[in-house]
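The values are calculated or read from the model by the stated rules, or taken from the named source; none is laboratory data. For clarity, every value in this text was computed on a predicted model and none was experimentally measured. Reconstructed Cβ throughout: ideal geometry from the backbone, glycine too, with neighbour counts over all protein chains shown.
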């Protein structure tokens, strides 16, 4: 009866779709999974232009609906973020070994551009610690930041420019897919490792040292710290510890009472101001506490003529630009998305890339270095109640005022205050609990994470990242190379066939082996698929020796989305090999792409349309019928093959 | 009623298996898919040793059963293959730019070792043209074969040694999986391209030229040929064309009457002998037809002390060894397998690697260069009736006799005869039809093939291979990054839910959207999966605006073999996003690994066990029931939601 139900419908042997149709659909799924053209349908020419403008320049979408009520929120958020942007800008510029004013410049122009082009409402634009350190270290390998600071700075601008171009191209070519390959586990491990080495780097500032290594790995840094013990300044260390305790306390307050987030948000500015006052009146620089020094008034000067494409440095610049660009995109997009999800909204990754790209290109023309959407600022922006990208414009405005009026005041900032700010920010990026969660749920993900961490801490940042991405790719490829196969059994009192490992009470019919294949059959796995199927048959035959041997092998292909030429040949070989052993092969529910290729390559003619079934139940019933016939013919008990084991 | 049938069985929420169990099973599937330990079960200690010996040294398995009857076949096959091995050995050694006698040596020791260790019955061991050319070209980049032939030869031995070590290690570490990533399309394109450039190289021999380029790309070679027009020798060209016509005719005969395969098999030897006789009596070398010259009597001298690991050359050697080693393995294993399949037998790839590895290591100690199981010789061996690896031992024996007695005779071989033999062999490797078949069945495979071909012909061999492998990997990764999703509909008169694109007559229930996901949910595709699901919902809602909006989204997860941490988070986010839109999420048939991770990460608690179903039918019926309830509650017609659209 059950077999009657499902066999009413025939397998579809429709003529394969044309190449154009399938190619277009594959292209769309690969590069336009979010279907951005949908909005342009059913629009007239003028409407289309308007929609396109709104699509590419999001400010046109939200500004017309903007009102004073929203502005109040954005003003407050912008002001709060500015208070964080000043100390962070100065600190991270020091990490990149460039003049601290560049960090302030970077919080003026890029946020303004993001306000126009950005797709996320909560991102607050700024520099990030990991990329700053990476830029400093990578470009430091070709030009010394201490011996030739001007050339070094120009190369940093050039790297920012190249990063921008790369990000823009990735957005235009819709290569957001590349960012997808930086897994969450990789980023967690990488950020954790970076946080550790950045904290260690701050020992220089906290101990008030002047000599320090250019390397970033733990061993080199610790060696360097202890080799120059004589340079340690106790005054600086005491100030550093006091600042750090203050900053961590404000964080603790924020964690306990989320409403008081602003205490933690403005605390770095408080540290800087207190430090400045102390340094100014206490002449701290004469008492073992070095200060930043030399911050000129005035907004960003043009830097377009400083871009340097000398081929001696270009390979290093290109490498730096690619690595930092990808990390910056991954961080910015991931953070934008995670806040959007909290609010049930969506962020278009490819549009974000274009925004970041243009922001960095224009940034590199106006004395800014690499910016993106960092976690710390964005979280503050979100918590301070930002409603639109306008908060970035507000931050930009306040930063302009700071640059025009207050910049010289910050030249008294003690380096130790900056170090304390950085350490405090970094401590939040070492996520033990997340690593532990990974360990519990997925050991391989945990390895990927730990590899990134250990690589960054003990070797260097790009090696750690590379190893971890490599390990993730190996897993993706392993999945393709070793598709899960399983043996299906019929669940009692149902027509369902399920994995016998998962549902051990499933029943098999003697003489019929139903196997499920769970991935495309590809050149990379066809040898495996063939061997594995033969092994299933061997195992089956050695198990049921008393009852009879396998006469039908049915492959359940619902999970085989696609197949390539080698895969078709493999099926053909399996069919031949099984035929040699007197076993009949049947295929169950081949999907549309598989069916099309089976027809194009004439494999369907080889195996015969009658051996292709729509459901497991159909196939098993047909096989049981044929087994029964053959048993009757051979004059043995017709009852036998009807039993299930 | 149908729903009654399937819902008798409950979803399995069994306690997750231990880490040890899953790790062991994953490891086994990855490295031991052929389950080699099976044979050792149920054996006593002595039996285990015997079985192990038979496993690792196949000669112990077949020699005890060997009889005179089989020997007759192997003798004939061995003799036939020897007649091919002599001209091929000399020719391919010339391709590698090493003394021709090395080619003869390489047909003595390696076949003997393969006879002991080899797993395939039909492989006949020898040099291959593509690898010979590649070795000559790659090592030629660091040492000139004309200026320092001794050092060049020593480096070739060293490369052979390193290749052997690499192959042995790959076999021992069960890395046969690496060879799987050289797809059939890549090999077809690479071999075709190599054949073209090798044919072009032979213009040197056929035109009797002395100056020639070291490069292999078409442009460089043709330029070089036409730049030195004055060196062209018409006598040589005429002889070359005559030889070529003869060789191609014998091939034509073989194709027409497969029984006459031996005509084609011995024709190269005939060409050599005729060439030698003509050269000896006609003093051909004085009439514009250069000869091989200088072939000493005697078997392989030891070359173990010549291995040169100087760090100036080692990087080049390592690169050469890795590329040629992989190609040699891919060719040898693929050919062994394809003949085994014809005879319904099996070849163990990992065992073959060990055999090739040891063969090349010992070869490098005895003045041999890289050998594998080439197609031409193997086909001749098979057709000549070889029954076991004994035919290799026979070939080895005959080759020893040739080396001891006849070698000097071959020193009169005209170079043009060798060139004709190579060209004739290569023409068979350019497989138009296969490329055309690829074009018909799978355009992407065709691109992979053409990339290899064009890369090899216009750039160089390793670049062509690299580009093509890269393109294949991109496809494998794209599959992981863009899993096929589809919308399911219920086939009329059945309980089956199938892809609506493939079965357009399937019916949807209003308010219920059933989506099938066909791949693991991974870090690399989780953004795509989320966006795609949201797009399905958008599309659905814009389609059925009049009837009502989607209230239930059911994800059919039978094709999702596994999931990682990011994937779990994605499911969690999707659940949250849908919840925000008032849509309920249901999961259908999560597989064992997915279920285990859902439990470990407590996602199952979030979504609720009642929203996990065993079959689509169960899930849809449950949703219809809840829709009906809510419709009744809202006092509208209970009839409505029962309709299908």
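Looking across the stretch B:383-396, the residues that are in a helix (DSSP H, G or I) and modelled with pLDDT of 85 or more come down to B:390, B:391, B:392, B:393, B:394, B:395, B:396.
For residue A:192, are the conditions met, namely being assigned by TED's automatic domain parsing to the domain that holds residue A:89, free of Cβ contacts under 8 Å to residues at least 60 places away in the same chain, part of a helix (DSSP H, G or I) and surrounded by 22 or more Cβ atoms within 10 Å (Cβ to Cβ)? Against the criterion (assigned by TED's automatic domain parsing to the domain that holds residue A:89, free of Cβ contacts under 8 Å to residues at least 60 places away in the same chain, part of a helix (DSSP H, G or I) and surrounded by 22 or more Cβ atoms within 10 Å (Cβ to Cβ)), residue A:192 does not qualify.
Do the conditions hold for residue A:472, that is, is it outside the structural domain of residue A:585 (by TED's automatic domain parsing) and on the phi < 0 side of the Ramachandran plot?
Criteria met by residue A:472.
Here residue A:511 fulfils each of the conditions (1) farther than 27 Å from residue B:488 by Cβ; (2) surrounded by 22 or more Cβ atoms within 10 Å (Cβ to Cβ); (3) free of Cβ contacts under 8 Å to residues at least 60 places away in the same chain; (4) more than 8 Å from chain B (Cβ to nearest Cβ) apart from (3). When the stretch A:93-105 is filtered for residues that are in contact with a helix residue (DSSP H, G or I) (Cβ under 6 Å, 6 or more places away or on another chain) and either over 16 Å from residue A:152 (Cα atoms) or outside the structural domain of residue A:157 (by TED's automatic domain parsing) (or both), only A:104 remains. Please work out if residue A:551 is more than 8 Å from chain B (Cβ to nearest Cβ), more than 27 Å from residue B:436 (Cβ to Cβ) and at pLDDT 85 or above. For residue A:551, the condition - more than 8 Å from chain B (Cβ to nearest Cβ), more than 27 Å from residue B:436 (Cβ to Cβ) and at pLDDT 85 or above - is met. Pairing each residue of the stretch A:58-69 that is within 19 Å of residue A:351 (Cβ to Cβ) with any residue that is outside any loop (DSSP other than H, G, I, E, B), provided the two are 6+ apart or on different chains, yields C-beta distances under 7 Å for A:58/A:117; A:59/A:115; A:59/A:116; A:60/A:53; A:60/A:54; A:61/A:54. Scanning the stretch A:1-16 for residues that are more than 9 Å from chain B (Cβ to nearest Cβ) and either farther than 19 Å from residue A:611 by Cβ or at pLDDT below 50 (or both) turns up A:1, A:3, A:4, A:15, A:16. The single condition among (1) out of contact with any helix residue (DSSP H, G or I) (no Cβ under 6 Å at 6 or more places or on another chain); (2) over 22 Å from residue B:521 (Cβ atoms) that residue A:593 does not meet is (2). Restricting attention to the stretch A:601-611 and to residues that are within 17 Å of residue A:14 (Cβ to Cβ) and touching a helix residue (DSSP H, G or I) at 6+ places or on another chain (Cβ under 7 Å), the residue that is modelled with the lowest pLDDT turns out to be A:601.
Any residue at all in the stretch A:12-25 that is in a loop (DSSP other than H, G, I, E, B), touching a strand residue (DSSP E or B) at 6+ places or on another chain (Cβ under 9 Å), outside the structural domain of residue A:381 (by TED's automatic domain parsing) and surrounded by 14 or more Cβ atoms within 10 Å (Cβ to Cβ)? For the stretch A:12-25, residues in a loop (DSSP other than H, G, I, E, B), touching a strand residue (DSSP E or B) at 6+ places or on another chain (Cβ under 9 Å), outside the structural domain of residue A:381 (by TED's automatic domain parsing) and surrounded by 14 or more Cβ atoms within 10 Å (Cβ to Cβ): present. Taken as a whole, the stretch A:308-325 holds no residue that is under 20 Å from residue A:183 (Cα atoms) and within 14 Å of another protein chain (Cβ to nearest Cβ). Listed conditions (1) outside any loop (DSSP other than H, G, I, E, B); (2) within 12 Å of chain A (Cβ to nearest Cβ); (3) at pLDDT 85 or above are all met by residue B:587, apart from (2).
Can you name the residue in the stretch B:33-66 that is outside any helix (DSSP H, G or I) and either over 32 Å from the mean Cα position of the chain (by Cα) or under 23 Å from residue B:387 (Cβ atoms) (or both) and, of all such residues, is nearest to the other protein chains (Cβ to nearest Cβ)?
B:42
For the stretch A:195-215, which residues satisfy the criterion of being outside any helix (DSSP H, G or I) and crowded, with 23+ Cβ neighbours inside 10 Å? Explain how you work it out, then say what you get.
Filtering the stretch A:195-215 for residues outside any helix (DSSP H, G or I) gives A:202, A:207-215.
Correct list: A:202, A:208.
Of the numbered criteria (1) buried (at least 22 other Cβ atoms within 10 Å of the Cβ); (2) closer than 25 Å to residue B:466 by Cα, the one residue B:178 fails is (1).
If we scan the stretch A:461-473, do we find a residue that is closer than 30 Å to residue B:616 by Cβ and within 12 Å of chain B (Cβ to nearest Cβ)? Looking through the stretch A:461-473, none of the residues is closer than 30 Å to residue B:616 by Cβ and within 12 Å of chain B (Cβ to nearest Cβ).
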